[in-house]
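Asker: I have a structure here, written as structure tokens, and I will follow up with some questions on it.
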Amino acid sequence: MRLAPITRGSIVLALSNMVPLLGVLLGYWNAFDIIFLYWFENIIIGLFAVARMTIRPDNAPLFVAGGLFAAGFFCLHYGFFTYGHGVFVTSFFEEQLLQNSESLNRGLTDIVSYMLSQRAVQLVIVAMFIAHLTDFVIAYKNKTIDTVSMEMTKPYKRIIVLHIAIILGGFFALKFGHTVSVAVVMIGLKAYFDLRPPNRIKTKL
């Protein structure tokens, strides 16, 4: 396995991490806020994975029948996967995410609603969406969108990387309390994988 080449789309995605980085450096967010933001980004990634499977530059019709079928299966499977990931994140870090708020029931829906009610979080999510939209438009224009099956598996590679970062980052933040430094490391790792996503490329012998 070797790293995929750097593209303009991946540069845009990597630069979008500067928004949460500024939030951390200015004292607006800590490691647990970044954990939530990166989990929520999985939803955005899933949305654009569906777009890549259905809106294809290599076919005359706007929506490809095979892509629609694959997208339906993907939404079901990836949706449950993301939901389970969200339940884990919110149950494990609920005290830090809610900032000791006593007015919520502390379920996934309540925590998501609470986090999304914060203007700073909204701004980061908008920045993430714009970055992924730009990446999709560039890939569509350059006709570099992969096959439906390949596009369907890409989000799982990203979510595994984020899952590891969330577990390790959250653990060190809880253990040592250095949430700012942990958040900066997490952002740096994610920016790197956004810039150079892992991709299995077969090489000729």
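Throughout, read-outs are computed from the coordinates displayed, never taken from laboratory work. Everything quoted here is computed from the prediction, not taken from an experiment. Positions of Cβ are backbone-derived with ideal geometry, glycine not excepted, and every protein chain shown enters the neighbour counts.
Asker: Would you calculate the separation in nanometres between label points at L15 and F176, each defined as 7 Å from the Cα along the Cα-to-beta-carbon direction?
Answerer: 3.2 nm
Asker: Now, a different point. With a point put 7 Å past each Cα toward its Cβ, work out how far L76 is from Y156 in nm, to one decimal.
Answerer: 1.5 nm
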